[in-house]
Structure formats: C-alpha cells, structure tokens
Number of protein chains: 2
Amino acid sequence: MFKKRENITEIEEGSLLSPKFDNDGLIPVVTICTKTKDVLMHGYMNVEALKRTIETKEAHYWSRSRKQIWHKGKISGFVQKVLELRIDDDQDSIWLTVDIGNGSSCHVGYRSCFYRSVPLGKIDNARKIEMKFEEKEKSFDPKKTYKGQPNPTKI
Amino acid sequence: MFKKRENITEIEEGSLLSPKFDNDGLIPVVTICTKTKDVLMHGYMNVEALKRTIETKEAHYWSRSRKQIWHKGKISGFVQKVLELRIDDDQDSIWLTVDIGNGSSCHVGYRSCFYRSVPLGKIDNARKIEMKFEEKEKSFDPKKTYKGQPNPTKI
C-alpha cells in the first residue's frame, strides 16, 4: 500500500513515507501526551491501523492480545486525537503526539502505562528490584470502564 | 535473572521488576530527551543490556543489525546518561529519559531519529505520501563520526 522500500538513501533522506513492518506485519508506536510530554503507551500498528490513524486523526493500533484493529478509546471513551505523527530514520517505528484531554491511556487505571520507575545503580538481587510508583492514584476505575472485557496483559 | 513472571496482578500492580522479553529475547525501549522531551530513538534491549543500563546509568541497547550489545555513544561520543527508567503496565516496554547534552542520537546526523512528520488527513495515493522535515539541519556529519562503520538501516 505505501511506497515500496527500494534503497537506503531514499528511506533515510527522502520525503516519501515507506514504513517497514516486521515479520508479523507490525510497526512499533510510541505515544506521547501533548500536555504532559509523558510516554502514555507503547503499541503496534499494522498497515490498516496506520492508514486509519492518518486518515481519521484518531489513534488506531493492532491489538496483539485480541488480534484485531483497535480504535483506542472506543470502549473506554479515552480516544487519542493525533496532533502529529513522525517516523524514524529507517522508517521502522512511529512517534504519535496525542491529545487525551483529561482522559487516561492505561487499562490498569493510570493516566500513563508507565506508572512505575526502576531504581538505577548497582543491582544486588535482580529478582528483588523494587520499583517506585510515579503515579500515586488511578485516574479511573478499570473494573467499571472495561466491564466484561478480558485483561490484555499476558504472563 | 529478573523476577519470574507468575501472575498478572503482581505484574501490573506489584512493585517488583519482572520484564517480558519477546521471542528474540528483546524488550522495546523508547528514549526521550530530558531537555526537549522529544523522542530521540526507539530501540531494543536484551537482559544484559537492561542490566548494564540500570547499573552504569548509561543507555545500552541490543543492536539488531550488528547482533551485539550496543553501548550507545561508544563510537560517536554521544553517550546517553539515564535519568529515569520506567516500565509499562504489563512490563513489556521501557521508557528511558536521558541527558545527551548538546549531542545527537541519530546515525543519519539529526538530533532525534524522528526528524520527519507525516501529513494527516485523507490519503489520495499511499505510494506518494510526502513527509515534512521537522529538523532543518543535521547536527553532525555522520560520514566523519561513523567513518568505516556499516549503515545499520536495512531495506
């Protein structure tokens, strides 16, 4: 659908969109909140999700757990309005800047999926690295919002 | 090496680091500039790269093109000092906040790997989507900096 990848100079220095999808047909996506500049989530798109995101200006991903196109916010109401879509040097990852208003992005209930930080420095016991919660409170109740939906997290 | 992933509540709500590596033994990493809040790059770590990053407070990745641990900046001098390392809800992606001073991150010569944006709206011809260069000038000369190194970009 998009321009065929033919040579490295075109891919890196050219202006035509020519994304690379991996062996599963996916490209990774970093989603940043325009207001806080936090990383809200890390997801994946297939060709169709990328096309729909560009055309509708609302973030669409490929749900690896449900194996279907995922219009983010369709169930929760937390739609992501896309303000900017960038692609990297070798065109194999995407950076979305989105507006979620006062909404959230994380199915656990936090605003960002990245609500825990890892302490830096010498590791004494790697099986017991205690993280810090950077978001103190959940911003919505996932049990209510996602009633009846399976949890996407897999062991 | 890290805590074994045993149940979903622990993974999502617990405080012990228990990262998930994919079938290739990798976890995706989003690297943000502490100064500009731009996404500098999207990379991958294996267990050893994650351990070294935590312990040395300098970003280490797994180079998929060179198939080896990649201490970012070892060749170019553009070391990334890690200020914060976060992990997401299901612990399968990492957000690094780094200080690169006045350095760069992109092997093409730009500060961020994400130097091009994709226009949003109806797609007339997907093979001809013209992107915009958001960084006007390269911040270093990759031919000099990476003299003799192979280009990591693959078609």
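The values are calculated or read from the model by the stated rules, or taken from the named source; none is laboratory data. Keep in mind it's a predicted model, so treat the numbers as computed, not measured. Here Cβ is always computed from backbone atoms with ideal geometry, including for glycine, and neighbour counts include all displayed protein chains. Heads up: the accessible areas ignore ligands, DNA and RNA and are worked out on the full protein's heavy atoms, side chains in. Shrake-Rupley method; radii C 1.70, N 1.55, O 1.52, S 1.80 Å.
What to note about this one:
- The A and B chains share an interface that buries close to 6600 Å² of accessible area, total over both sides, probe 1.4 Å.
- Near A:GLU84, the amide H atoms lying under 5 Å from its own belong to A:THR97; only residues 5 or more places off or on other chains count, and H is placed 1.01 Å from N.
- Distance (nanometres) between label positions extended 7 Å along Cα→Cβ at B:GLN149 and A:THR56: 4.0 nm
- Once C-alpha pairs closer than 8 Å and six or more residues apart are averaged by separation and normalised to the residue number of the range B:1-61, the relative contact order reads 22 percent.
- Counts of other chain beta carbons within 10 angstrom of each beta carbon in peptide A:71-77 average 0.
- Overall shape of chain B was characterised from the C-alpha gyration tensor. The equivalent ellipsoid obtained from it has semi-axes of 29, 21, 15 Å, in decreasing order.
- The contact residues of the range A:122-144, meaning those that lose at least 50 Å² of 1.4 Å-probe accessible area when all protein chains sit together rather than their chain alone, are A:ILE123, A:ALA126, A:ARG127, A:ILE129, A:MET131.
- Förster radius 25 Å - calculated FRET efficiency between B:ARG64 and B:LYS138, Cβ distance, rounded to 0.05: 0.55
- The range A:118-155-the range B:85-150 distance, computed between alpha-carbon centres (Å): 28 Å
- Rg and Dmax of the range B:72-147, both derived from C-alpha coordinates alone, stand at 16.3, 44 Å.
- Every helix of 4 or more DSSP H residues in chain B counts as -39500 (n - 2.57), and over all residues that averages to -3000 deg cm²/dmol at 222 nm.
- For the range A:6-34, heavy-atom accessible area (probe 1.4 Å) falls by no less than 50 Å² from the chain alone to the full protein assembly at A:ILE8, A:GLU12, A:GLU13, A:SER15, A:LEU16, A:LEU17, A:VAL30.
- Inter-copy label distances at B:ILE69, using a point 7 Å along Cα-to-Cβ, come to 4.4 nm with the shortest given first.
- Surface composition of the range A:1-66: carbon and sulfur make up 45 percent of the accessible area, probe 1.4 Å.
- A 1.4 Å probe run over the protein chains yields, for chain B, 48 Å² of accessible area per residue, whole-number rounding.
- Segment B:GLU10-B:ASN46, extension gain: residue separation times 0.36 nm, minus the distance between their alpha carbons: 10.8 nm
- Within the shell defined by Cβ-Cβ distances under 10 Å, the residues around B:LEU17 carry a net charge of +3, with Lys and Arg each +1 and Asp and Glu each -1.
- Where no second cysteine Cβ lies under 4.7 Å, the cysteines concerned in chain B: B:CYS33
- Calculated label separations, B:GLY121, copies of the chain, 7 Å along the beta-carbon direction, nm: 5.3
- Of the trypsin sites (Lys or Arg not before Pro) found in the range A:1-31, those that fall in a DSSP loop while having at most 11 other beta-carbon atoms within 10 Å are A:LYS4.
- What separates the A:ASN23 label point from its copies, with the point 7 Å along Cα to Cβ, is 0.6 nm, written shortest first.
- Tensor-based shape of the protein assembly as shown (alpha-carbon gyration tensor, a/c under 1.5 rounded, otherwise prolate or oblate): oblate
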